[in-house]
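The structure appears right after this line, and notes come after that.
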Amino acid sequence: MSGTEKSCYHCALPVPPGAHYLVEIDREPREMCCRGCQAVAQTIIDNGLADYYRHRTAMPAVGHEVVPEEVQKLALYDHPGIQKSFVRQDGEHVREASLILEGITCAACIWLNERHLKQLPGILQVQVNYATHRARITWDDQAIHLSKILEEIQLLGYNAHPFNAERQEGLRRQRRAKDLRRIAIAGLSAGQVMMLAVALYAGAAFGIEASTAALLRWASLILTLPVVFYAALPFYDSAWNALRGRRLNMDVPVAMAIVGAFTGSVWATSHGSGVVYYDAITMFSLFLLSSRFLEHAAQEKSVEAAENLLKLAPAMAVRVENGQHLPVPVMELNEGDAILSKPGEAIAADAEVIEGESTVDEALLTGESRPVPKSAGARVIAGSINLAGPLLLRVTSVGENTVLAGIVRLLDRAVAEKPRLAQLADRVASHFTVVLLILAAVVGGVWWWLEPARAFEIVLAMLVVTCPCALSLAAPTAFAAAGSHLLRHGILLTRGHALETMAKVNHVVFDKTGTLTYGKPVLRRIVTLAELDEQRCLVLAASLEQASEHPLAQSLLSRVAQPELLQVADARNLPGKGVSGAIAGLRYSLGSSALSGLPAVGLPDDLPQGATLVWLCDAQRALAVFVISDGLRPQARELVERLKATGVRVTMLSGDAADAVSHIAAEAGIESWHAAQRPEDKLAKLREFQQRGDVVAMVGDGVNDAPVLAGADVSIAMGGGTQVARASSDIVLLSENLLDIRRALQTGHDSMAVMRQNFAWAIVYNLLALPFAALGMIPPWLASIGMSASSLVVVLNAMRLR
C-alpha cells in the first residue's frame with residue numbers, strides 16, 4: 001500500500017479512489033471503503049457502541065448491506081418447521097436458539113454483538129462464547145423474529161447460522177490441520193538449523209574457515225525464513241491486535257523476541273560478524289507452537305464433550321403411520337408421533353415406550369455403565385442406544401426440547417463462564433508482561449553501559465525465558481481436564497465457579513424426597529382386615545385412584561393392569577384426606593384413617609417406621625391398610641459415612657412430617673435433620689449455616705428446591721428425566737448416583753491442588769529464570785527450551801485430572 005492510500009476505518013482495507021463514505025466517530029469524520037462498512041459503522045455509532053473501535057484487537061469482516069434477496073432467505077428461518085431443529089420454545093412466545101457467528105476475531109467482536117443485540121426490543125438474553133463463537137439468544141417472538149435478529153447481525157458485518165456440530169467439527173479440524181502444518185514446518189526448520197548450529201559452535205571452539213561459517217549462516221537464514229514468515233504468524237497477529245487495543249498480552253514479548261532476534265541475525269549474517277540466533281528462533285517457535293497446540297487441545301475438551309453429545313442423536317428416524325414404516329429426517333418428527341427403534345440403533349428423540357421390551361445404553365448421557373431395562377410406559381432419551389429388542393415409541397420431545405439439548409445448554413453455560421482463578425491468572429500474566437518489558441529495557445540499558453556486545457543477547461534471553469505462557473495456562477487446563485473427567489462419570493458442571501467452591505465445602509445439606517430417596521412412593525405391604533384377599537383390596541384401591549394424580553395413587557395403579565380396573569361411580573376427591581366412590585353399588589373410601597370416620601383398628605407392630613398408611617374402608621368397616629414408603633437410595637448411607645470421615649458436616653432439610661424424616665435420617669446415618677420445612681424455612685436454615693462460616697453445598701431435585709439451590713454456595717441437582725433441562729444448579733448428577741457427590745468434592749480438591757502446583761511452578765520458574773537470564777547466564781537457545789518446558793509441565797500436570 002502506498003503512503004498516499006487511505007484505509008477504511010472499519011475494516012482497514014484500502015479506500016477506493018473517489019469514494020466518499022464518511023461516518024463521524026469521536027467527533028471526527030472517518031473514511032470507509034464502501035457503503036456496507038459505512039452502514040455498519042453508522043449502526044455501531046447510532047447504538048452508542050463507539051467503544052468498540054477503542055477496544056477491538058482485530059479487524060472484522062468487510063461490512064455489507066443486507067439486500068432484499070438475503071432478507072427473503074433470512075425470513076425462511078421464521079418457519080416453525082425449520083426452527084424445530086435448533087430453536088427451543090420456552091413458554092408460549094419465548095424462543096431460544098444456538099447460533100454460530102462467523103467473522104469473530106477478538107473479544108471486542110463479542111462485546112459488540114452482545115451489546116447491539118441486547119438493545120433490540122424483544123431480546124431477552126444474549127450470551128456469546130468466545131472459545132466456540134457460539135451464541136445463545138433468547139427472544140420474545142411477539143416482539144422480534146429470528147430473521148430480524150440474523151439481519152441485525154449481518155448489518156454489523158458478521159454472519160450467523162444455526163449451530164451444527166458436524167460443521168463446527170469440520171472448522172475445528174481445519175484449524176488443527178493448520179496448526180499442525182505450522183508445527184511441522186517449525187520442526188523441520190529447527191532440526192536442520194540445529195545441525196548447522198552445532199557446526200558453527202564447534203567451529204567457534206576449534207576453528208573454522210570464514211567462508212564456511214558464512215555459508216552455514218546464510219543456509220541457516222534461508223531455513224529460518226519459513227518459521228519467521230509463516231509458522232510464527234499467529235504470534236505477530238495476536239501481539240499486533242493487543243497493541244492496537246492499547247494493551248499488552250503474552251505474545252507481545254514473544255513477537256519482539258522473534259523479530260528482534262531475526263533482525264539482529266540477518267544483520268550479523270550480512271556483515272559477516274556478530275552472533276546469530278537462528279537456532280533459538282526456530283526452537284522457540286517450535287516449542288511455543290507445540291505448547292499452544294496442547295493448550296488448545298485441553299481447552300477444547302469440554303467444548304467437544306458437548307458436541308459429542310449432540311452427535312449421539314441420529315439424523316433419520318422410522319415413523320410408524322397406519323402400519324407403514326416411513327424413514328423421515330429427525331427434524332420432521334412431532335410430539336405424539338410413533339417411531340420404531342431397532343436393536344443397535346440410537347434413539348431419535350425423547351419418547352415413551354408404547355410396546356416392546358429392551359435394554360438401553362445411556363452411558364454417554366448419564367455415566368451409568370449398566371444397560372437400563374425399558375418396557376411399556378418407560379421414558380427413553382434421545383441419543384441412547386437400544387441394545388436388545390425393537391421398541392415402539394411415542395415422541396415426547398424433539399429438537400432443542402430434548403434432554404440431550406438441555407445437557408448441551410448447561411455445558412455451554414459452564415464453558416462461557418470463566419472461573420475466578422482463570423480471570424486472576426490472566427490479570428497477573430498481563431501485569432507480569434508489563435513488568436517484564438520494563439525490566440528487559442532496564443537490564444538492556446545496564447548491559448549496554450557495561451558490555452554493549454552482550455546487551456542484545458541478554459535482553460533476548462529475558463524475553464524468551466520468562467514468557468508468561470505457563471502462568472496463563474495454570475488454571476484453564478486444569479478446569480478443562482477436570483470437567484472432562486467429571487462428565488465421563490455423569491457429573492455435569494454447569495457453572496464456572498463450581499469446582500473452586502467444591503474444594504472449600506465443609507457442610508452438605510440434603511433434601512429428602514427425590515434426593516436421599518427415589519421420590520417414588522412404593523407399596524411395601526398390604527394388611528387385610530376383613531375376608532377380602534390382598535389382590536381384591538388392591539384392585540378396589542387402584543380403581544378408586546384412577547382419576548388421581550397423587551404420587552401415592554401411582555404406587556397403587558402401577559401394581560394393577562389397566563383391564564382389571566373397575567368402573568367407579570360418583571367418584572370424589574377430598575384434598576388432604578383421600579378419595580371415595582361407588583363400585584358395584586357399594587360405597588368405598590381410600591385415604592387417611594379420619595376419612596371414613598370409623599373407630600380405630602389395631603395394626604401389627606412390625607410395620608416399617610416412617611411409612612404412610614392408606615386405609616381402604618366400606619360404609620361399615622376397614623377392609624385393608626396399604627403401607628407405602630419412599631425407599632432410601634442404596635448409596636445414601638455410604639455417602640454420608642464418607643462425608644463424615646472427611647470432616648464434612650451433613651444435614652437433612654425436608655418438608656415431610658417428622659416421623660418420616662426421622663426414619664430416613666436414621667437409615668442414612670444423619671444426626672442433624674429438620675422436618676416440616678417450607679422453601680423459605682430451608683433458605684433461612686441455609687443462611688444460618690453460612691453466617692457461622694460454613695461453605696454449604698445443597699443437594700436437591702433441581703426443580704422444587706430452586707430457591708434453596710440458588711442460595712447455596714454450590715448447588716447439586718439430581719438430573720433424572722427432564723429435570724436436566726430445567727435445573728438451576730451448579731452441578732447436575734446425570735447418573736443420580738449419590739456417591740458421585742463425593743467424587744465431585746474430591747475432584748474439586750484435586751483440581752485446586754493441581755492449580756496451586758501449576759501456579760507455584762510458573763511463579764518459581766520465572767523468579768529463578770529471570771535473574772539468571774539478566775546476569776547473562778542463560779543463552780537464548782536454552783531460554784527457549786526452558787520456556788517451553790515450563791508450559792509443558794503445566795499442561796501435563798493438568799492432564800493428570802483426566
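The values are calculated or read from the model by the stated rules, or taken from the named source; none is laboratory data. Computed from a predicted structure; not experimentally measured. When we count neighbours, we look across all protein chains shown, and the Cβ atoms used for this are built from the backbone with ideal geometry, even at glycine. Side chains included, ligands, DNA and RNA excluded: accessible areas come from the protein's heavy atoms. Shrake-Rupley method; radii C 1.70, N 1.55, O 1.52, S 1.80 Å.
Couple of notes before you dig in:
- Count of the range 265-280 residues which are at negative phi and touching a residue at least 60 places away in the same chain (Cβ under 8 Å): 6
- Among residues of the range 588-609 that are in contact (Cβ under 8 Å) with a residue 12 or more places away in the chain, those with a Cβ under 8 angstrom from a residue that is of a type in the set (Lys, Arg), sequence gap 6+ or separate chain, pair up as 591/577; 592/577; 594/577; 595/577; 598/621; 607/525; 608/524; 608/525.
- For the range 710-736, the tally of residues that are crowded, with 24+ Cβ neighbours inside 10 Å and at pLDDT below 75 stands at 4.
- Checked against the criterion of being modelled with pLDDT under 85 and under 21 Å from the mean Cα position of the chain (by Cα), the candidates 108, 131 yield just one match: 131.
- When residue 297 is tested against (1) modelled with pLDDT of 80 or more; (2) more than 26 Å from residue 782 (Cβ to Cβ); (3) open to solvent by less than 50 Å² (accessible area, probe 1.4 Å); (4) among the hydrophobic types (A, V, I, L, M, F, W, C), only condition (1) is not met.
- Condition broken by residue 761, with the remaining ones in (1) open to solvent by 10 Å² or more (accessible area, probe 1.4 Å); (2) of a type outside the set (Asp, Glu); (3) closer than 30 Å to residue 265 by Cα satisfied: (3)
- From 540, 565, 516, 556, residue being farther than 21 Å from residue 378 by Cβ and either in contact with a helix residue (DSSP H, G or I) (Cβ under 9 Å, 6 or more places away or on another chain) or surrounded by fewer than 16 Cβ atoms within 10 Å (Cβ to Cβ) (or both): 516
- Residue in the range 351-370 that is buried (at least 18 other Cβ atoms within 10 Å of the Cβ), of a type in the set (A, V, I, L, M, F, W, C), within 21 Å of residue 488 (Cα to Cα) and at pLDDT 75 or above present: yes
- Test result for residue 630, modelled with pLDDT under 90 and either hydroxyl-bearing (Ser, Thr, Tyr) or within 30 Å of residue 533 (Cβ to Cβ) (or both): yes
- Residues located in the range 641-687, provided they are among the basic types (Lys, Arg), surrounded by fewer than 20 Cβ atoms within 10 Å (Cβ to Cβ) and either outside any helix (DSSP H, G or I) or under 30 Å from the mean Cα position of the chain (by Cα) (or both): 642, 649, 678, 687
- The criterion of being open to solvent by less than 20 Å² (accessible area, probe 1.4 Å) and farther than 30 Å from residue 533 by Cβ holds for residue 694.
- Residues in the range 314-329 that are under 13 Å from residue 382 (Cα atoms) and either at pLDDT below 80 or open to solvent by 80 Å² or more (accessible area, probe 1.4 Å) (or both): 314, 315, 316.
- Residue tally, condition within 29 Å of residue 586 (Cα to Cα), open to solvent by 40 Å² or more (accessible area, probe 1.4 Å) and within 44 Å of the chain's Cα centre (by Cα), over the range 607-640: 1
- The lone criterion from (1) open to solvent by less than 50 Å² (accessible area, probe 1.4 Å); (2) in contact with a Phe, Trp or Tyr (Cβ under 8 Å, 6 or more places away or on another chain); (3) closer than 30 Å to residue 441 by Cα; (4) in a helix (DSSP H, G or I) left unmet by residue 751 is number (3).
Residues checked against (1) at pLDDT 80 or above; (2) part of a helix (DSSP H, G or I); (3) under 44 Å from the mean Cα position of the chain (by Cα):
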| site | (1), (2), (3) |
| --- | --- |
| 197 | yes, yes, no |
| 208 | no, no, no |
| 229 | yes, yes, yes |
| 249 | no, no, yes |
| 269 | yes, yes, no |
| 275 | no, no, no |
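- Identity of the residue in the range 210-227, hydroxyl-bearing (Ser, Thr, Tyr) and within 19 Å of residue 258 (Cβ to Cβ), that ends up farthest from the chain's Cα centre (by Cα): 220
- Of 645, 658, all but one fail to be small (Gly, Ala, Ser) and closer than 30 Å to residue 538 by Cβ; the exception is 658.
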